[in-house]
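Novice: First the structure, then my questions, so here it is.
Bear in mind these aren't lab numbers, they're just calculated from the coordinates by the rules spelled out. The shown structure was predicted, so the numbers you read here are calculated from the model rather than taken from an experiment. Methodologically, a virtual Cβ is constructed for each residue, glycine included, from the backbone with ideal geometry; neighbour enumeration extends over all protein chains shown.
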Amino acid sequence: MDAPFWKTKTLEDMTPAEWESLCDGCGKCCLSKLEDEDTGDIHWTSVACRLFDAGLCHCRDYDNRLKLVSDCVRLTPENVRTITWLPSTCAYRLLAEGHDLYDWHPLVSGRADSVHEAGQSVRGRVSALESDLDTVEDYFDHILEGEP
């Protein structure tokens, strides 16, 4: 039996479909993060992007997200190696660092809901959308303890 593509290909060698399938649908990258200007520490919040569907745990307009949300980040093989806020469970980060995917990842389990069943998604944990808040100070009430 052949090894799965993520074990045999580099991130750069993956097809667009393979690349997209690495996303486990956790929604963590769609949460707002605050960076401490003095220390550079990242503080996660339970505030999601205005395009995020918190029930389904996906973007409402994925194809147009980069046009509609000015600070939306398109992940690439290059930037997943340098973005410091990617969750430790993120498949892109794991593979870039030479690790394997977790058993709950949909590519491993064969089921899209396994990420939610394992408690690794933000489903049920989003307290607000960015469009609900007016100022940066409003985010402080939504800071999480550690990574989601």
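Novice: Among all the aspartates and glutamates, which ones have a C-alpha under 19 Å from Lys67's C-alpha, if same-chain residues fewer than 8 places away are not counted?
Specialist: Glu20, Asp53, Glu130
Novice: When only C-alpha pairs under 8 Å and at least 6 residues apart count, what is the relative contact order of the chain, in percent?
Specialist: Value for the chain: 33 percent.
Novice: Order by neighbour count: Val136, Val108, Val122, fewest other Cβ atoms within 10 Å first, most last.
Specialist: Least to most surrounded, the residues fall as Val136, Val108, Val122.
Novice: For His58, His99, His105, what's the fewest-to-most ordering of other Cβ within 10 Å of each Cβ?
Specialist: Listing His58, His99, His105 from fewest to most nearby Cβ atoms yields His99, His58, His105.
Novice: Which lysines, on any chain, are close to Lys7 with Cα under 29 Å apart, when same-chain ones fewer than 8 places away are left out?
Specialist: Within the straight-line limit of under 29 Å, Lys7 reaches these lysines: Lys28.
Novice: A further question on this structure: Cut-off is 10 Å between beta-carbons; in what order do Tyr62, Tyr139 appear when sorted fewest neighbours first?
Specialist: Fewest-to-most Cβ neighbours within 10 Å comes out as Tyr62, Tyr139.
Novice: What FRET efficiency comes out for the pair Asp134/Thr82, r = Cβ-Cβ distance, R0 = 30 Å, nearest 0.05?
Specialist: Efficiency, rounded to the nearest 0.05: 0.40.
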